[in-house]
Amino acid sequence: MAAGKGCSRRAFLQAGAVGLSAALLLPRRAWGANGDVRVAVIGCGNMGGGHVKHLAQLPGVRLAGLCDVDPERLKGKASEGVFTANDPRRILERNDVDAVVIATPDHWHATLTVWACQAGKDVYVQKPVSHNIREGRRMIEAGLKYKRVVQAGTQYRSDEGLRQAAADIQAGQLGKPLWGKAVWYELRGSIGIKDPWMPAHLDYDLYCGPAPVEPLRRNQLHYDWHWVWSTGTGDLGNSGVHAFDICRMIAGHRTLPPRAIAAGARLGYEDAGETPNTHLAVLAYDSVPLFIEIRNLPLKKGMKAMGHFRGVQEGVVFQCEGGYFAGLRAGGWTYDNDGKKIKQYKGDGGAQHMANFLNAVRERKPEILNAPIQEGHVSSACCHLGNLSCRLGAGAPPEAIREALKAHPEAAETVDRLKEHLAANEVDLARTPLKLGPWLKIDADREEIVGVEGGMPEALTQARTLARGTYRKGFEVPDSL
Ligand SMILES: NC(=O)c1ccc[n+]([C@@H]2O[C@H](COP(=O)([O-])OP(=O)(O)OC[C@H]3O[C@@H](n4cnc5c(N)ncnc54)[C@H](O)[C@@H]3O)[C@@H](O)[C@H]2O)c1
């Protein structure tokens with residue numbers, strides 16, 4: 001069912017219900033020899049390589065194929081029974097592949113997911129699942145229409161410790177929830193700046209796929225696509241999405257917020273990167289607001305060490321009236337408001353996430369997924385909102401940012417801490433200011449931006465263009481399937 005313009009929240013929920021009952025009717029399929037699920041990995045870089053090793057350790061699954069646009073990344077990897085391809089379409093047309101794991105750069109995720117569903121493959125798609133707000137809903141629809149199992153690669157959703165913490169907080173063990181904060185302080189340096197160049201050792205046109213084919217200015221092709229808007233989503237979409245996803249799980253928010261705003265900039269060095277390395281986003285849910293704070297600069301200029309917020313360097317702080325939860329990777333603890341430990345939630349970093357996907361594939365039951373595409377979509381789209389507001393922003397002093405966020409004291413105080421942090425990195429905010437974006441008004445039912453506060457009419461048009469993305473012909477994510 002089309003869930004875009006003109007579709008109410010009720011219709012969305014009904015679509016979910018229809019999807020669920022349809023899901024129960026997913027056809028059983030003929031697996032490979034021994035009943036193994038035959039999986040192909042698309043995108044064999046850092047993460048894809050990790051998936052290949054992990055799949056080799058899981059029972060009931062067989063690595064059937066490997067695909068990477070870059071032939072260098074496939075060198076020496078073909079083996080008996082494992083075919084290789086540079087073009088993902090060569091994988092999708094094969095009958096001996098049951099499921100694909102998509103670990104390409106972000107700009108390819110949605111197009112490949114839709115293509116894979118259409119080709120009858122189940123999909124594990126890395127986070128952020130999408131490159132803009134519109135795409136995620138189309139991915140959900142593709143899964144429903146083609147009766148596929150589609151899991152988001154937000155693995156912390158499979159961490160039993162975190163799930164238990166969320167259940168306890170939702171049951172009121174810490175009192176009324178007040179706010180949640182995704183914290184990601186990870187050192188990231190300059191990606192360099194060179195004269196424009198085009199990679200010659202691969203089909204760069206295919207690498208760009210949905211994105212414009214433009215010369216690169218950064219030092220390296222791989223990985224640093226994260227920090228360029230046409231292919232990546234910055235650290236908000238890269239790492240922030242993990243912590244935000246768990247914040248949102250604890251808060252129990254299932255939709256986009258009604259309002260969002262962000263401030264941030266790329267500071268401390270000049271390079272070919274476009275995305276902020278210092279970023280604060282406010283997802284202003286009416287009941288429990290959620291914040292994301294990204295820092296890629298160190299504790300102090302020249303240092304490698306990063307700071308922390310209440311002991312968390314990369315994770316979640318979720319504040320309730322009677323105390324707070326802090327953690328992520330190894331689970332976490334609840335604390336009282338004096339910082340005294342209350343209860344431990346041991347975690348495993350979501351180690352069972354791929355196994356959870358494979359179980360759902362085998363049993364033809366999307367409803368047992370820990371991170372169904374619906375959840376991946378909402379968390380990714382919230383990160384896109386944070387990026388979008390910042391991209392529409394203009395340089396502003398910290399005092400003006402503080403004023404814009406004053407309805408959310410925790411966010412306003414974060415601005416004070418960011419000011420100190422940037423001073424410690426010798427960033428001159430008068431010369432290179434943070435950008436303050438506008439408040440975005442969102443129709444959460446339709447997943448549409450309906451207003452840009454204080455903005456000119458063209459700001460709304462600009463916001464909507466960013467929210468729906470642009471594509472090269474042949475690589476579009478269609479509005480209706
Ligand atoms: N869940 C996690 O904890 C986690 C951790 C790291 C990365 N990731 C995600 O995994 C994805 C990949 O990240 P990475 O660090 O491996 O990046 P990377 O740049 O190292 O690897 C991406 C690979 O995809 C290939 N590629 C590009 N377009 C392709 C296409 N259309 N078909 C086939 N191959 C294509 C590239 O050539 C490259 O080898 C990203 O979405 C990232 O956010 C997730």
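Looking only at residues of region 203-225 that are acidic (Asp, Glu) and closer than 19 Å to residue 88 by Cα, we find that the one that is surrounded by the most Cβ atoms within 10 Å (Cβ to Cβ) is 203.
Okay, residues lined up against (1) without any contact (Cβ under 8 Å) to a residue 40 or more places away in the chain; (2) crowded, with 24+ Cβ neighbours inside 10 Å; (3) over 25 Å from residue 247 (Cβ atoms); (4) among the small types (Gly, Ala, Ser):
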{"site": "100", "(1), (2), (3), (4)": "no, yes, yes, no"}
{"site": "112", "(1), (2), (3), (4)": "no, yes, yes, no"}
{"site": "131", "(1), (2), (3), (4)": "no, yes, no, no"}
{"site": "145", "(1), (2), (3), (4)": "no, no, yes, no"}
{"site": "150", "(1), (2), (3), (4)": "no, yes, no, no"}
{"site": "156", "(1), (2), (3), (4)": "no, yes, no, no"}
{"site": "162", "(1), (2), (3), (4)": "no, yes, no, no"}
{"site": "167", "(1), (2), (3), (4)": "yes, no, no, yes"}
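Of the residues making up region 59-72, those that are buried (at least 16 other Cβ atoms within 10 Å of the Cβ) and out of contact with any strand residue (DSSP E or B) (no Cβ under 9 Å at 6 or more places or on another chain) are 69, 70. Exactly one residue out of 200, 263 is assigned by TED's automatic domain parsing to the domain that holds residue 407, crowded, with 24+ Cβ neighbours inside 10 Å, more than 18 Å from the chain's Cα centre (by Cα) and away from the ligand (no atom under 13 Å from the Cβ), and it is 263.
Report whether or not residue 39 is among the hydrophobic types (A, V, I, L, M, F, W, C), at pLDDT 95 or above and closer than 26 Å to residue 228 by Cβ. No; evaluated as a whole, the condition is false for this residue.
Checking 151, 170 one by one, the residue that is away from the ligand (no atom under 12 Å from the Cβ), under 30 Å from residue 365 (Cβ atoms) and of a type in the set (S, T, N, Q) is 170 and no other.
Of the strands (runs of 3 or more DSSP E) entirely within region 323-381, none holds at least 2 residues that are hydrophobic (A, V, I, L, M, F, W, C) and more than 30 Å from residue 175 (Cα to Cα).
Filtering region 43-71 to residues that are of a type in the set (Gly, Ala, Ser) and more than 9 Å from the ligand (Cβ to nearest atom) leaves 56, 60, 64, 65. Residue-level analysis places residue 133 outside the set of residues that are within 11 Å of the ligand (Cβ to nearest atom) and not assigned by TED's automatic domain parsing to the domain that holds residue 241.
Residues in region 361-377 that are closer than 15 Å to residue 154 by Cβ and either free of Cβ contacts under 8 Å to residues at least 12 places away in the same chain or not acidic (Asp, Glu) (or both): 8 in all.
Taken together, the residues in region 235-280 that are farther than 23 Å from residue 153 by Cβ, in a strand (DSSP E or B) and of a type outside the set (Gly, Ala, Ser) amount to 4.
The values are calculated or read from the model by the stated rules, or taken from the named source; none is laboratory data. Here the structure is a predicted model, which means the values were calculated and not measured. We place every Cβ from the backbone using ideal geometry, glycine too, and count neighbours over all the protein chains shown.
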